């Protein structure tokens, strides 16, 4: 009699399928730009395939109603249903209003301290943007304006540059990033995944070696579920520069 299939077996099979696409191009070339572009595109595809359709996934730049903008972001999880896009480049990059953003991720080939710090700076460039919120009309009345959600931030890589992701050096590097630069999640496909917790006695949790990718995906989805829906964007704030030429969105 065959052993019963467990949920762990199902998730590991899913992980093998997702990993295959992420490993194809590096096996054919060592050209950094080609590998980087392909890796970013595949992380976008992996998240698109895994997440429910209510979430959009793309690379691009985040902008606010005051004209400020983020740095270029490799992976953005955003609301495609209730928030308009500001622009779409021919390359596929999106210009997304800050209110629409759920999460942002930096993509690198290796997880190490310099790239962890760099990811923290890229994440901060999004978190510091101004976000509006307005009341929502519904059949029974009005929902009060919602507080903007906390934006999730992370680092996605192929390799782990540390000997052990659970060692003292990587833990210190991750926990040193606080406030706007906080890195909430990380996934090194060939080294492990981590998630930051709110428990000071156990500030980080890690995947086992066999479930690196699926651990990250489930952790990300759990965090997205916890924040619900993004706040409703105040379109009047974006309209103001159109009526007042002295203000410029900077697109």
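Where a number appears in this text, it was derived from the coordinates with a stated rule and is not lab data. In this text the structure is predicted, and so the values were computed from the model without any measurement. Glycine gets a Cβ as well: all are built from the backbone with ideal geometry, and neighbour counts include every protein chain shown.
Suppose we keep just the DSSP beta bridges with both residues in the chain; what percent of those would be antiparallel, to 5?
So the antiparallel bridges amount to about 60 percent of the total.
Relative contact order of the stretch 32-139: what whole-number percent is it, with Cα pairs under 8 angstrom and at least 6 residues apart?
Computed over the stretch 32-139, the figure is 26 percent.
May I ask you to sort 95, 216, 105, 115 by Cβ crowding, counting other Cβ atoms within 10 Å and putting the fewest first?
95, 115, 216, 105
Quickly estimate the mean residue ellipticity at 222 nm for the chain, helices only: each DSSP H run with n ≥ 4 gives -39500 (n - 2.57), and the total goes over all residues, rounded to 500.
Taking each H run of at least 4 residues, the total per residue is -11000 deg cm²/dmol.
What residue among 217, 175, 129 shows peak mean-square fluctuation when the chain is described by a Gaussian network model with Cα springs under 10 Å?
Of the options given, 175 has the highest mean-square fluctuation.
What does the convex hull of the Cα atoms come to per residue for the chain, in Å³?
Per residue, the Cα convex hull of the chain comes to 177 Å³.
Step by step: find N for the stretch 24-166, compute 2.2 N^0.38 Å, then divide the Cα radius of gyration by it. What's the final number?
1.17
Normalised by the residues of the chain, what does the relative contact order come to in percent, with Cα pairs under 8 Å and at least six apart?
Result for the chain is 18 percent.
Could you list 126, 104, 10 in order of exposure, starting from the residue whose Cβ has the fewest other Cβ atoms within 10 Å?
Fewest to most other Cβ atoms nearby, the residues stand as 10, 126, 104.
At a 10 Å Cβ-Cβ cut-off, how would you order 187, 66, fewest neighbours first?
66, 187
Running a GNM on the chain with Cα contacts under 10 Å, which residue among 123, 149, 136 ends up with the highest mean-square fluctuation?
The residue that fluctuates most here is 136.
Of the candidates 72, 166, 81, which one comes out as most mobile in a Gaussian network treatment of the chain with C-alpha springs shorter than 10 Å?
81
What FRET efficiency do you get for residue 89 and residue 164 if R0 is 41 Å and r is their Cβ-Cβ distance, rounded to the nearest 0.05?
For R0 = 41 Å, the calculated efficiency reads 0.55.
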